[in-house]
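*Asks:* The structure's right below; bear with me while I get my questions together.
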Amino acid sequence: MRSPAGSRFGYEEPLRYGSCMGLARQFGWVAFARLAAAGTQAVTLLLLVRGSALEDVAVLTAAMGVLVLGQGLSDLGLSAFAAREHAAASDSGVVAGALRLVRMTSGGLIAASILAATGFCIATGSPLLLPLVVLAVSAGLEKNAQAHLGVTIASAAAAKSARVVLAGRALTLAVMLALSAVGVVAPVAFATALALGNCLNAVQAERDSRMRVGPQHAGSTSTRRDLIRRSRPFWLNTFAAQVRNLDATIAATLGGPSVGAAFGVTSRLVTPLRMIPTSLATVLMPASAREGGVTLRQGRRIALVTVLVSLVPLVAMALSAPWLVPTLFGNEYAVAVGAIQVMVISLAFAAVASLLSATLQGAGHAKVVASAAIVGAATCLIGVAFGTIVGGATGAAFGLGSSFVVQSAILLVSISRRISER
């Protein structure tokens with residue numbers, strides 16, 4: 001059952017999610033927070049790079065990539081499930097149970113990551129045990145904070161969520177600068193700064209969500225097993241998205257170092273461009289779950305209009321790639337121009353997939369979204385492998401782009417069918 005505005009555990013302020021201004025305001029806060037957070041993180045990474053040996057940077061950045069993967073997979077889809085259920089019924093007893101389970105899985109992630117870090121350092125003789133352990137704790141805290149902030153956003157309080165995120169990132173940067181100034185080695189300073197910033201985020205986010213989430217119903221049948229079963233479609237969607245990150249590995253393995261470098265740089269270069277549509281998807285999912293909010297027809301229209309608007313800058317970026325890429329990265333990366341052009345245009349289809357997925361998840365069709373995501377991930381891996389063999393980095397980009405086309409087509413057909421049935 002969907003809950004109306006003004007329910008006991010819901011809003012910070014009355015807001016009709018169906019209104020364009022209300023949705024735009026929520027989207028603006030989420031996008032601003034993510035962009036600002038990405039900027040501050042870039043500065044802290046720069047300080048790490050400038051103060052560390054190359055091999056230490058390689059180990060720490062690789063560990064962060066593994067931890068991001070661990071965050072997504074160990075979450076079990078509970079964060080998105082909790083946000084969706086809270087938007088649909090803000091006094092639902094399952095939300096508190098889901099957040100409690102997220103806390104447990106966050107602890108499990110920390111324990112497993114510490115064991116893995118210890119084993120790695122013993123096996124390789126790496127002196128980075130302390131920063132790796134601190135990064136493991138930081139990842140668990142961040143995962144817990146993200147789950148609670150999802151509930152805050154589902155309560156139409158994206159401004160509050162943005163303030164929490166920005167406060168944590170500001171603390172991270174301040175601690176990094178302070179520790180570097182007093183001579184703490186860069187890897188330790190970096191890990192400590194991240195952990196303290198994420199700790200602040202976790203404390204603030206959990207405190208805020210407690211004021212919004214109703215208690216778990218005494219008679220609720222939502223046991224741990226039941227919660228995991230109900231959140232499984234959300235987890236499958238996350239799993240499929242994480243599997244896509246193997247694209248650069250496949251390209252490097254089948255195409256060699258030159259193709260791997262060209263495709264890897266291309267893939268990571270365009271990733272931040274997805275931040276805007278994914279930010280909109282973050283507020284669109286709870287908007288489509290709430291009574292009187294975004295309908296399937298409106299969600300489809302939002303996705304298509306967003307794509308049409310984004311095509312102009314995307315095409316401009318694709319046309320400027322032959323000049324921009326050699327200027328930024330050097331002439332040796334000129335082979336990546338074709339790949340960047342293909343991948344930039346494919347972002348339009350990625351935006352469609354992201355927004356339609358959010359709309360369908362909010363409307364209660366998470367299984368359809370999971371199925372489309374799995375098909376898209378399989379298409380991605382197969383397409384990148386085949387494209388690399390046939391056409392190098394550009395062929396791999398075509399393979400990646402085709403997966404977004406396939407996924408968005410499946411979702412568009414699915415949502416159109418459900419609209420016609422109503």
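*Asks:* Given the conditions (1) closer than 24 Å to Thr238 by Cα; (2) surrounded by fewer than 16 Cβ atoms within 10 Å (Cβ to Cβ); (3) hydrophobic (A, V, I, L, M, F, W, C), and given that Ala178 satisfies all but one, which numbered condition is not satisfied?
*Replies:* (1)
*Asks:* Looking for something more than 22 Å from Asn245 (Cα to Cα), charged (D, E, K, R) and surrounded by fewer than 22 Cβ atoms within 10 Å (Cβ to Cβ) - is there at least one such residue anywhere in the stretch 69-84?
*Replies:* Checking the stretch 69-84: not a single residue is more than 22 Å from Asn245 (Cα to Cα), charged (D, E, K, R) and surrounded by fewer than 22 Cβ atoms within 10 Å (Cβ to Cβ).
*Asks:* Here is a list: Ala88, Ala116. Which entry is surrounded by 21 or more Cβ atoms within 10 Å (Cβ to Cβ) and of a type in the set (A, V, I, L, M, F, W, C)?
*Replies:* Sole residue among the options that is surrounded by 21 or more Cβ atoms within 10 Å (Cβ to Cβ) and of a type in the set (A, V, I, L, M, F, W, C): Ala88.
*Asks:* Step by step: first the residues of the stretch 312-358, then only those that are aromatic (Phe, Trp, Tyr) and either modelled with pLDDT under 80 or over 30 Å from Thr295 (Cβ atoms) (or both), then the one that is surrounded by the most Cβ atoms within 10 Å (Cβ to Cβ). Which residue is that?
*Replies:* The residue in question is Tyr333.
For every residue, the table says whether it meets (1) more than 14 Å from Val203 (Cβ to Cβ); (2) touching a residue at least 60 places away in the same chain (Cβ under 8 Å); (3) out of contact with any helix residue (DSSP H, G or I) (no Cβ under 7 Å at 6 or more places or on another chain).
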residue: Pro127; (1), (2), (3): yes, no, yes
residue: Leu132; (1), (2), (3): yes, yes, no
residue: Ala139; (1), (2), (3): yes, yes, no
residue: Gly150; (1), (2), (3): yes, yes, no
residue: Ala157; (1), (2), (3): yes, yes, yes
residue: Val165; (1), (2), (3): no, yes, no
residue: Arg169; (1), (2), (3): yes, yes, no
residue: Ser180; (1), (2), (3): yes, yes, no
residue: Ala186; (1), (2), (3): yes, yes, no
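*Asks:* Give me the residue from the stretch 395-422 that is under 14 Å from Thr295 (Cα atoms) and among the aliphatic types (A, V, I, L, M) and, out of that set, modelled with the lowest pLDDT.
*Replies:* Ile419
*Asks:* Could you tell me how many of the residues in the stretch 75-119 are in contact (Cβ under 8 Å) with a residue 60 or more places away in the chain and either more than 30 Å from Ala363 (Cα to Cα) or among the basic types (Lys, Arg) (or both)?
*Replies:* Final tally of qualifying residues: 2.
*Asks:* Does Val342 satisfy the criteria of being without any contact (Cβ under 8 Å) to a residue 60 or more places away in the chain, out of contact with any Pro (no Cβ under 9 Å at 6 or more places or on another chain), closer than 20 Å to Ser279 by Cβ and in the same structural domain as Phe263 (by TED's automatic domain parsing)?
*Replies:* For Val342, the condition - without any contact (Cβ under 8 Å) to a residue 60 or more places away in the chain, out of contact with any Pro (no Cβ under 9 Å at 6 or more places or on another chain), closer than 20 Å to Ser279 by Cβ and in the same structural domain as Phe263 (by TED's automatic domain parsing) - is not met.
The values are calculated or read from the model by the stated rules, or taken from the named source; none is laboratory data. Keep in mind that this is a model prediction, so the values were computed, not measured. We place every Cβ from the backbone using ideal geometry, glycine too, and count neighbours over all the protein chains shown.
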